[in-house]
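J.: One structure, pasted below without further comment.
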Amino acid sequence: MTDHVFALADAAATERLGAALAARCRAGDVLAVWGDLGAGKTVLARAFVRARTGDPEEEVPSPTFTLVQSYDGADGVPVFHYDLYRLECSDDVWELDLEDALADGVTVIEWPERLGALLPEDRLDVRLEHASPGEDADGRRAIVTPHGAWGTRQGKSACHVA
C-alpha cells in the first residue's frame, strides 16, 4: 500500500487530521495510531472522537487507565477509543469488548502494537513521529498507510485529507 505523509506543524494540524480521518470512517473501520510517548496520539484520537460525535466540546478523557471509552456517534455508529499502553497480554483485549467494537463501531486504537496478531488486517495506520533535526522543533509528521479494505475504497481516497 502507498504511504501518505502529512507535515503537522502543531497540535491544531494534528486535530485537523484526526477530524478529516473521522469523516471518512464508517461502521467496522479501525484507525490504528502508532507513535512514541508524546508524539500526539491522544491529540489525534480526541479530535477523531469529537468529529465522530459531532460535538467539538465533547469531553474525551484518555483511556490510559480504563483502556477503553465509548461514545455515541452523531450518525448512530458508536465510537470506541482504546488506549492499550497498559495491556499486559493481547488476549486480554477480548475482556474489553473489542469484538463488538470491531463489528458495530468505528474504533480508534492507541498503542495497536499491543494487539500483536489480533490487530485487524483491515485498518488505517497513522504513525506519528516527532520532527527530524532541522525541521520545526514543535512539529510532527503523520504517515498514513491503508491496509486491507482501506486500500481498495472507491471514490474519495481514505488518505487524501489535506
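J.: Being under 16 Å from Asp125 (Cα atoms) and at pLDDT below 90 is the requirement here; does His81 meet it? Talk me through it step by step, then tell me what you get.
T.: Numbers: under 16 Å from Asp125 (Cα atoms): yes; at pLDDT below 90: no.
Criteria not met by His81.
Let's see how each residue does on (1) crowded, with 20+ Cβ neighbours inside 10 Å; (2) of a type in the set (A, V, I, L, M, F, W, C); (3) assigned to a loop (DSSP other than H, G, I, E, B); (4) modelled with pLDDT of 90 or more:
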{"site": "Ile109", "(1), (2), (3), (4)": "yes, yes, no, yes"}
{"site": "Glu113", "(1), (2), (3), (4)": "no, no, no, yes"}
{"site": "Leu124", "(1), (2), (3), (4)": "yes, yes, no, yes"}
{"site": "Glu129", "(1), (2), (3), (4)": "no, no, no, yes"}
{"site": "Ala137", "(1), (2), (3), (4)": "no, yes, yes, no"}
{"site": "Arg141", "(1), (2), (3), (4)": "no, no, no, yes"}
{"site": "Pro146", "(1), (2), (3), (4)": "yes, no, no, yes"}
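J.: For the subset of region 50-99 comprising residues that are small (Gly, Ala, Ser) and part of a loop (DSSP other than H, G, I, E, B), which member is nearest to Leu115 (Cα to Cα)? Let's see the steps before the verdict.
T.: Just the residues of region 50-99 that are small (Gly, Ala, Ser), to begin with: 51, 54, 62, 70, 73-74, 76, 90.
Then keep just the ones that are part of a loop (DSSP other than H, G, I, E, B); that gives 54, 62, 73-74, 76.
Numbers: Gly54: 29, Ser62: 18, Gly73: 24, Ala74: 28, Gly76: 27 Å.
Only one residue tops the list, namely Ser62.
J.: Please specify each residue of region 55-76 satisfying the condition of being in contact with a Gly (Cβ under 9 Å, 6 or more places away or on another chain) and surrounded by fewer than 17 Cβ atoms within 10 Å (Cβ to Cβ).
T.: Ala74, Asp75
The values are calculated or read from the model by the stated rules, or taken from the named source; none is laboratory data. Keep in mind it's a predicted model, so treat the numbers as computed, not measured. Quick reminder, even Gly has a Cβ in these numbers, built from the backbone with ideal geometry, and neighbours come from all protein chains shown.
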